[in-house]
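Have a look at the structure below before the remarks.
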Amino acid sequence: SHIMSEYVRMTDTERDQIDQDAQIFMRTCAEAINQLRTEAHKGVQSAQVKEHRTAVLDFIEDYLKRVCKLYSEQRAIRVKRVIDKKRL
């Protein structure tokens, strides 16, 4: 209960800033993956190395997509709660 008494709720402004930062971070990650994908095969002769790098980048890109989906779902819940509060 002591911990709960010190608990302070985040403001909407703080949540909006986190949302904005998260979107920037996800966009930056996607751009970095695309840049890595472009540079991954430069100077590589081995088909096995190319295939490995492609697979690793595919896994990373898939993980980022899953994180973005989870973020979008959580944000949708937040928006729904705000709308429901305004209706009341």
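The values are calculated or read from the model by the stated rules, or taken from the named source; none is laboratory data. Since the structure is predicted, the reported quantities are computational estimates derived from the model, not experimental observations. With ideal geometry, Cβ positions are generated from the backbone for all residues, glycine too; neighbour counts draw on all protein chains shown. Quick note on the areas: whole protein, heavy atoms, side chains included, nothing else; ligands and nucleic acids left out. Shrake-Rupley method; radii C 1.70, N 1.55, O 1.52, S 1.80 Å.
At a probe radius of 1.4 angstrom, the accessible area of the chain per residue rounds to 89 square angstrom. Surface listing: H41, H52 arranged by accessible area from highest to lowest gives H52, H41, probe 1.4 Å. Think of each Lys and Arg Cβ as +1 and each Asp and Glu Cβ as -1; about the Cα centre, that makes the dipole of the chain roughly 380 debye. Given a 1.4 Å probe and the protein chains as shown, T38 ends up with an accessible area of around 90 Å². In the chain, if the dipole is taken from +1 on Lys/Arg beta carbons and -1 on Asp/Glu beta carbons about the Cα centre, which of I18, L64, V82 is farthest to the positive end? Going by the charge dipole, the pick is V82.
The Cβ shell under 15 Å around E14 holds other residues with a net charge of 0, Lys and Arg each +1, Asp and Glu each -1. For the chain, the 222 nm mean residue ellipticity estimated from helices alone, with every DSSP H stretch of n ≥ 4 adding -39500 (n - 2.57) and the total spread over all residues, rounds to -30000 deg cm²/dmol. A straight Cα-to-Cα reach below 26 Å connects K65 with the lysines K42, K50, K80, residues fewer than 8 places away in its own chain not being considered.
Could you tell me whether the chain comes out rounded, prolate or oblate from its Cα gyration tensor? Rule is a ≥ b ≥ c as square roots of the eigenvalues, rounded for a/c under 1.5, then prolate if a/b exceeds b/c, otherwise oblate. It is prolate, given that a/c is not under 1.5 and a/b is the larger ratio. Axis of helix 47-87 versus longest Cα principal axis of the chain: the two differ by about 10°, to the nearest ten degrees. Net charge near K80, counting Lys/Arg +1 and Asp/Glu -1 over other residues with Cβ under 13 Å of its Cβ? Residues close to K80 contribute a combined charge of +4.
Against the main long axis of the alpha-carbon atoms of the chain, helix 12-39 sits at an angle near 0°.
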